[in-house]
Amino acid sequence: MERKYLCLAHMSGNEMKYIQEAFDTNWVVPLGPNVNAFEEDLKRFVSSKGEVTNKLGNDPVKVLYPNETYPQTIEAHENEPEKLWTASLEGLQEKEIVALCSGTSAIHLALINLGVKAGDEVICQSFTFCASSHPVTYLGATPVFVDSERDTWNMCPQLLEESIKDRIAKTGKKPKAIIVVYLYGMPAKINEILEVAQHYDIPVVEDAAEGLGSRYNGQVVGTFGAYGVMSFNGNKMITTSGGGALICPNKEAKNRIMFFATQAREAFPYYQHEEIGYNYRLSNICAGIGRGQMTVLNEHIAHHQHLAKLYAEGFKAIEGITFHGNPDETCDSNFWLNTITLDAELKVKGQKDVYKEAVVGAVGGAAGVVHTTGQVHTDCEPNANVEAMRIALDKLGIESRPLWKPMHLQPVYKNSPAYINGISEELFKTGLCLPSGPMISDEDAQFIIEAIKSNIL
Ligand SMILES: *Cc1c(COP(=O)(O)O)cnc(C)c1O
């Protein structure tokens with residue numbers, strides 16, 4: 001049987017048409033018609049309003065595309081609510097998109113535009129991938145980490161407020177920005193977070209790299225704060241091989257971001273530089289892939305969400321395993337990665353024998369990097385039952401991965417202030433990500449659920 005990966009890139013078949021067009025018209029550069037059209041596609045997507053009409057009939061689900069250029073109707077999965085994306089959501093018409101070479105560069109430029117400078121502090125969700133906080137350090141600023149709440153696993157609004165008060169008390173200065181993350185696609189409690197942010201007048205950057213197409217009250221995440229970040233890396237909801245985008249509040253912000261993304265060139269007939277810029281624009285070839293991917297984005301989201309239903313159903317019957325589902329009806333996760341937690345008391349086959357050998361190679365398949373620390377333990381690692389389950393699944397050809405290790409527990413951030421309640425640490429020790437992409441069939445999902453069940457003692 002083929003190996004079941006967490007989330008593999010899946011082409012629509014339309015990508016080559018746009019790439020060919022780029023070659024035919026000699027636009028093999030980091031700008032061009034594909035880049036512009038991809039930005040327009042994304043703009044239409046993020047400003048669409050989502051409505052789930054709870055029609056639980058036997059008809060095939062109709063996914064109606066918000067983008068008139070892609071009027072396909074796919075036959076998705078039976079017995080699931082019909083989802084309609086209707087006309088633009090009011091207030092979002094002003095939003096503009098800049099396509100960039102990565103999600104990380106999008107966060108970097110958002111922080112620059114918000115005036116983050118060396119010596120500043122930026123609040124960041126601790127439970128995240130390192131790309132959320134690294135751009136803070138690129139700027140010589142200090143990330144201040146805030147722990148999660150249990151419902152969504154994202155930034156806790158109460159702890160956020162405590163951290164702001166405490167930073168003001170300790171430094172006499174307000175943090176310059178707040179980076180909230182939609183981990184594994186799950187919407188955060190963004191209304192409560194915005195309320196706190198507005199009270200202290202601190203701009204919010206939404207890291208929606210994992211949450212492309214997730215909705216909160218029907219609105220696409222990444223459109224609530226000052227800036228929203230998207231990623232099109234190879235393992236994300238859609239891919240451009242590598243790429244990202246920044247959702248900007250308006251045309252003026254877009255222009256400024258574009259300026260910094262293209263080496264901050266001043267308007268003269270020759271190169272004139274008054275500020276430091278970056279080479280962060282998306283290539284016209286990659287944007288061609290992105291345009292092709294936009295034709296299957298809704299299909300991908302529907303499939304990830306369908307798998308979530310199968311997993312939720314399957315794990316309901318298994319004691320000691322909890323599926324991380326939408327906590328309430330405001331949250332409509334894209335379920336980029338489906339995740340579970342294992343009770344600490346749950347006994348898994350082989351758990352006495354784990355953590356005996358050092359791992360060779362970095363997690364996530366960093367190309368060509370053969371890296372070994374020779375070390376078996378760190379001071380905080382997933383429980384033995386979780387590691388035993390990961391190994392057992394691996395032997396069956398099923399890729400799984402521990403939840404992301406919180407940033408406040410990373411040695412590289414040991415000097416950063418952190419406001420902690422223990423929730424992200426506990427999740428890290430007990431959680432696993434499961435295969436979730438378009439390549440995973442209903443049968444695969446059943447096989448994975450059975451494999452997990454059969455390894456419980
Ligand atoms: C992937 C990811 C990013 C960065 O995106 P790249 O395109 O890989 O640079 C940022 N934040 C989170 C939470 C991510 O998962």
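Is segment 123-135 home to any residue that is in contact (Cβ under 8 Å) with a residue 12 or more places away in the chain, assigned to a loop (DSSP other than H, G, I, E, B) and aromatic (F, W, Y)? If you could, list the steps in order and put the result at the bottom.
So the first thing to find is which residues in segment 123-135 are in contact (Cβ under 8 Å) with a residue 12 or more places away in the chain, and the list is 123-135.
Pick out the ones that are also assigned to a loop (DSSP other than H, G, I, E, B) and you get 126-129, 133.
Now narrow it down to the ones that are aromatic (F, W, Y): 127, 129.
Scanning segment 123-135 turns up at least one residue that is in contact (Cβ under 8 Å) with a residue 12 or more places away in the chain, assigned to a loop (DSSP other than H, G, I, E, B) and aromatic (F, W, Y).
Checking every residue in segment 220-232 against the condition of being surrounded by fewer than 17 Cβ atoms within 10 Å (Cβ to Cβ) and not β-branched (V, I, T) gives zero matches.
Going through K176, K95 one at a time, which residue ends up being modelled with pLDDT under 95, of a type in the set (D, E, K, R) and either open to solvent by less than 20 Å² (accessible area, probe 1.4 Å) or under 21 Å from Y280 (Cβ atoms) (or both)? Steps first, please.
Numbers: K176 fails: modelled with pLDDT under 95.
It is K95.
For segment 364-375, indicate whether the set of residues that are open to solvent by 60 Å² or more (accessible area, probe 1.4 Å), under 19 Å from T322 (Cα atoms) and touching a residue at least 12 places away in the same chain (Cβ under 8 Å) is non-empty. Within segment 364-375 (the criterion being open to solvent by 60 Å² or more (accessible area, probe 1.4 Å), under 19 Å from T322 (Cα atoms) and touching a residue at least 12 places away in the same chain (Cβ under 8 Å)), the answer is no, since none of the residues qualifies. Taken across segment 134-150, residues that are open to solvent by 10 Å² or more (accessible area, probe 1.4 Å), within 12 Å of the ligand (Cβ to nearest atom) and assigned by TED's automatic domain parsing to the domain that holds S283 do occur, with at least one present.
With respect to E425, is the statement that it is modelled with pLDDT of 95 or more, outside the structural domain of D147 (by TED's automatic domain parsing) and part of a loop (DSSP other than H, G, I, E, B) true? Talk me through it step by step, then tell me what you get.
Numbers: modelled with pLDDT of 95 or more: yes; outside the structural domain of D147 (by TED's automatic domain parsing): yes; part of a loop (DSSP other than H, G, I, E, B): no.
Criteria not met by E425.
Going by the structure shown, is R256 away from the ligand (no atom under 16 Å from the Cβ) and either in the same structural domain as Q158 (by TED's automatic domain parsing) or basic (K, R) (or both)?
On the way: away from the ligand (no atom under 16 Å from the Cβ): yes; either in the same structural domain as Q158 (by TED's automatic domain parsing) or basic (K, R) (or both): yes.
Against the criterion (away from the ligand (no atom under 16 Å from the Cβ) and either in the same structural domain as Q158 (by TED's automatic domain parsing) or basic (K, R) (or both)), R256 qualifies.
Among residues of segment 441-457 that are more than 14 Å from I391 (Cα to Cα), those with a Cβ under 7 angstrom from a residue that is open to solvent by 40 Å² or more (accessible area, probe 1.4 Å) and modelled with pLDDT of 95 or more, sequence gap 6+ or separate chain, pair up as L457/K347; L457/K349. When only residues in segment 117-130 that are of a type outside the set (D, E, K, R) and over 24 Å from Q158 (Cα atoms) count, which is nearest to the ligand (Cβ to nearest atom)? This residue is A118. For segment 200-216, the set of residues classified as in contact with a helix residue (DSSP H, G or I) (Cβ under 8 Å, 6 or more places away or on another chain) and outside any loop (DSSP other than H, G, I, E, B) consists of V204, V205, E206, D207, Y216, listed by residue number. Select from segment 208-219 the residues that are modelled with pLDDT of 95 or more and touching a Leu at 6+ places or on another chain (Cβ under 9 Å) and write down the one among them that is surrounded by the most Cβ atoms within 10 Å (Cβ to Cβ). Per the stated criteria, the residue is G211.
The values are calculated or read from the model by the stated rules, or taken from the named source; none is laboratory data. Here the structure is a predicted model, which means the values were calculated and not measured. Backbone-built Cβ (ideal geometry, glycine too); neighbour counts: all protein chains shown. Just so you know, the surface numbers come from the protein's heavy atoms only, side chains and all, with ligands and any DNA or RNA stripped out. Shrake-Rupley method; radii C 1.70, N 1.55, O 1.52, S 1.80 Å.
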